[in-house]
Amino acid sequence: MQFNPEKISKITIRNIKKFKKADVKISVLTAYDYPTAMIMDKVGIEMVLVGDTLNTVFCGQENNLSATMDQMIYHTSIVKRGLKRAMLIGDMPFMSFQASAEDAVRNAGRFLKEGGADCVKVEGGVEVVPTVKRIIDAGIPVMGHVGLTPQSVHRFGGYIVRGRKPEVRQYLLDSAKALEDAGCFSIVLESIPSSLGKEITESMDIPTIGIGAGPDCDGQVLVIYDMIGFFEDYQPTFVRKYDNFAERMKKAVTQYMKDVRSGGFPSEEESYS
Ligand code: KIV
């Protein structure tokens, strides 16, 4: 029987694996608010990630490191209200899982209990495998994330492409495999050479979701404010801008100011008798 993604009423960790088997690419975007989530769900996006990038693109912080669990849960619960079909992924922020497996299980549980998430995403390679196993053992599905993991930006010395050196390439291959063996249902590959994205994807049964990992991944993810051209501070090479929201917003706000100053707003129809 032919696989038809449109027939799926709710994306789950079981049916997401069918996308890879059927060679149907998976679309993932981040969201931080209700109207955005609702629009994404209506057009049929498969997965929505409440990424810790909300700390930069939504809150204006310098990096993702100061994102807190409360902040992540707050936004996850808001995005949840906009979704019916898409899978909702909560992103475990910096220091919510690194210090102990107990912290990790408790915090991952909060994403499901308080945020309404379907699963969580955890950054890191072989070193996080014991923690990932504990979370999965607690009944919480985990998406892995290897390559340029922004929570380790200071250890890497910047936002650099990972996996060009043979030893790092091998570490990333081993990490992806170890995360799959630990029970992750999917894995994000960030900022790695396309050839490595292809090699990891072909070596695994679970779907890979790329961001700056080339065209051969089983799916792609982008930060929503980057791809609609809303966030203007900087733009990674891997972003494709599908719109220019910032420019369109500037135009709308400028026109509004003109109308207010000229008395052209509000009109009679926009006023009460
Ligand atoms: O935090 C985030 O938005 C992410 C994606 C860019 C993969 O981790």
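Things to note:
- FRET efficiency estimate (nearest 0.05) - Cβ-Cβ, residue 21 to residue 243, R0 30 angstrom: 0.35
- Extension gain, residue 272 back to residue 138 (0.36 nm per residue minus Cα-Cα distance, nm): 42.5 nm
- Whole-Hz ³J(HN,Hα) from phi, Karplus 6.51 cos²θ - 1.76 cosθ + 1.60, for segment 23-29, glycine and proline x: 6, 9, 5, 9, 9, 10, 9
- Taking a sphere under 10 Å around the Cβ of residue 17 and counting the other residues whose Cβ falls inside, with K and R at +1 and D and E at -1, yields a net charge of +2.
- For segment 5-242, the square roots a ≥ b ≥ c of the C-alpha gyration tensor eigenvalues yield an a/c under 1.5, which makes the shape rounded.
- Computed over the chain, the per-residue total of -39500 (n - 2.57) for DSSP H runs of n ≥ 4 gives a 222 nm mean residue ellipticity of -11000 deg cm²/dmol, rounded to 500.
- Using the Cβ-Cβ distance between residue 156 and residue 9 with R0 set to 41 Å, the FRET efficiency from 1/(1 + (r/R0)^6) comes to roughly 0.50.
- Relative protection proxy for 109-121, 125-137, 256-268, from highest mean packing down: 109-121, 125-137, 256-268 (other beta-carbon atoms within 10 angstrom).
- Rounded to the nearest 5, the antiparallel percentage of DSSP beta bridges internal to the chain is 5%.
- Sorted on the mean count of surrounding Cβ atoms within 10 Å across their residues, most packed first, peptides 237-247, 180-190 read 180-190, 237-247.
- For the chain: relative contact order, % (alpha-carbon pairs under 8 angstrom, 6 or more apart): 15
- Couplings 3J(HN,Hα) for segment 98-107, derived from phi with the Karplus relation 6.51 cos²θ - 1.76 cosθ + 1.60 (θ = phi - 60°), are 6, 6, 7, 5, 5, 4, 4, 5, 4, 6 Hz, where x marks Gly and Pro.
No value in this document is a laboratory result; all are computed from the given coordinates. Just so it is clear, the model here is predicted, and its values are computed rather than measured. Here the Cβ is made from the backbone with ideal geometry for all residues, glycine too, and neighbour counts use every protein chain on show.
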